[in-house]
Amino acid sequence: MTSQIASARAHTNIALIKYWGKKDQQLMLPMNGSLSLTLDHFYTDTTVEFNSIYTEDTFYLDQKKIETTKITPFLDLVRQMNPQVGFARIYSSNHVPNAAGLASSASAFAALALAASTAAGLNLTRRELSRLARRGSGSATRSIYGGFVEWQPGTSDLDSYAIPIDEKVDWDIEMLAVIIDRQQKKISSRTGMQRVVTTSPYYPAWITSTNQDLSAAIQAVKEHNLQLLGQLAESNALRMHALNLSARPPFSYFEPASLVAMEIIEKLRSEGICCYYTLDAGPNVKVICSKAESPQIIRALSTAFTPEQIVEAFPGPGVKLIEC
């Protein structure tokens, strides 16, 4: 019996400049570049054991056995790099709501990429890990790194990967997550973005404007310009969701409470507080702000949401190996 095992932890990332649409579904190549912030609060722990006695891949998520429809094709990529390893047993623990617009797939596949490649005896560079993670979930390519991360879209499997922009964030920025719904969303990100790419008449304008946003946002990060970064993130998110409304048939991830949170943030901003919101493919609202002003923002949000719905998160680390 031959057994090889490794465990890894990866954190979620929230896109400030979004990617919304793929030019290659199999290779997960995005239509445009993106910028994200890796967060400390939400993460996934994954253990992978390759064992010669296993006759199939088995996957347990939060102690519940799950189909390996997405897992086995991903592990096949690892087995291509080392044909000596066989089937695997995977145990994963998600400290983030699944499929609710909080980037659970990003942390999941980034952790799986490191755990599986290490258990297989591979010593991949972070760039190689980023490319591998991308094949499971596009946004996972960014969770290999901590802090602010850019995903370069590339034109092939070889040149589509993430690069760190500011891994050791030493300036005053944090993110508040307003958890509106922990349930799985009705329209997956993959389905939603594909519908937008193929049916929205505004999609070409999205690509042009988002490329401009990306350049400006990277500069804002380098200058520690919270106000500009927040403005760019908020407008970029609203344009992404406008695309969804322009698709055929149209769809939306917003819930009534999403609009309540957005209105609270807009009101605070009118009162001189530097805070901006962003939403991914889900109803949950993320607020970009400074730690110095977060207590005021939390108090305002608490008029409409419970303490359990408001989570403070700070810039987090990249993927790492942990004890099994």
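Points to keep in mind about this one:
- Per residue, the chain exposes an accessible area of 43 Å² to a 1.4 Å probe, with every protein chain left in place.
- Under 24 Å from the Cα of K23 - lysines, other chains or at least 8 residues apart: K70, K185, K186
- Under 21 Å from K320, Cα to Cα: lysines that are on another chain or at least 8 residues apart: K168
- For the chain, averaging the sequence separation of C-alpha pairs within contact (under 8 Å, six or more residues apart) and dividing by the residue count gives a relative contact order of 25 percent.
- For the chain, calculated [θ]222 nm from helices alone, where every DSSP H run of n ≥ 4 adds -39500 (n - 2.57): -11000 deg cm²/dmol
- When a 1.4 Å probe is rolled over the protein heavy atoms, the share of accessible surface on the chain that falls to carbon and sulfur comes to 52 percent.
- Cβ-Cβ FRET estimate between I273 and A304, R0 fixed at 22 Å, reported to 0.05: 0.85
- Computed over region 169-279, relative contact order equals 30 percent, with contacts defined as Cα pairs under 8 Å that lie 6+ residues apart.
- With contacts taken as Cα pairs under 8 Å and at least 6 residues apart, region 223-324 reaches a relative contact order of 24 percent.
- With the simple spin-label model, which puts each label point 7 Å out from Cα in the Cβ direction, the S3 to L259 separation comes to 5.5 nm.
- Taking a straight line from the alpha carbon of K267, these lysines sit under 20 Å away, with near neighbours fewer than eight places off in the same chain left out: K286, K291.
- At the residue level, H224 shows approximately 90 square angstrom of accessible surface with a 1.4 angstrom probe and all protein chains present.
The values are calculated or read from the model by the stated rules, or taken from the named source; none is laboratory data. Computed from a prediction, not measured in an experiment: that's the story for all the values here. So basically every Cβ, Gly included, is an ideal-geometry build from the backbone, and we count neighbours across all protein chains shown. For the accessible areas, the whole protein counts, side chains as well, though only heavy atoms, and no ligand, DNA or RNA atoms are used. Shrake-Rupley method; radii C 1.70, N 1.55, O 1.52, S 1.80 Å.
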